[in-house]
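What follows is a set of notes on a single structure, which appears directly below.
Rule-based calculations on the coordinates, nothing more; no lab input. Predicted, not measured: the structure shown is a model, and the values here were computed from it. Don't worry about glycine lacking a Cβ; one is built from the backbone with ideal geometry, like all the others, and counts go over all protein chains shown.
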Amino acid sequence: DYPSQNARHHSIPVLLSQINQSDNQIDNVIVIGDFNNWPEKIAGEIPVDELILLGQKASEIQQMKQAGFIDTYQHGEIPSFNGFQSTGYGPKIDFVWISSNSIYQVAGETKIDEFHDNNGSFPSDHFPVYADLAHIS
């Protein structure tokens, strides 16, 4: 969740380098988190569908895909950032990634949950994103 575009752009190569240097094989790795793939340069207002598309084109997302990771959420784009409001907006910026040759598979639905307490308060400015994964025997 770092504000510098330069740091954000280089964070995925650092992450992938650490994964490749570890004793774990890449097929034993699940990567989760806030990727902040919000487009940096937007002139004026743009339609929501274009904003979502720009989020998918962000370098952080493209680098994960090129490294062989798959976004477990495959049901269209639902924004995961809500700014403590009841409706999300912008691109989906929170992910659960598995590698394409993973020893895990999606066993159930990956969800973006609009969780809030009984008073309508949200515990975060992001909706929770979770995946039901199963180990492949």
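Ranked by how many other Cβ atoms sit within 10 Å of their own Cβ, fewest first, the residues TYR73, TYR130, TYR89 fall in the order TYR89, TYR130, TYR73.
Would you please give the residues with an amide H less than 5 Å from that of ILE32, counting only those at least 5 places away or on a separate chain, with H modeled from the backbone geometry? So ILE32 has HN proximity to TRP97. Across q = 0.13, 0.14, 0.19 Å⁻¹, the range 68-137 modelled as identical point scatterers on its alpha-carbon atoms has Debye log10 I(q)/I(0) values of -0.42, -0.48, -0.76, in the order of the q list. Less than 5 angstrom separates the built amide H of THR110 from those of GLN74, ASP132, all sequence-distant by 5 or more or on a different chain.
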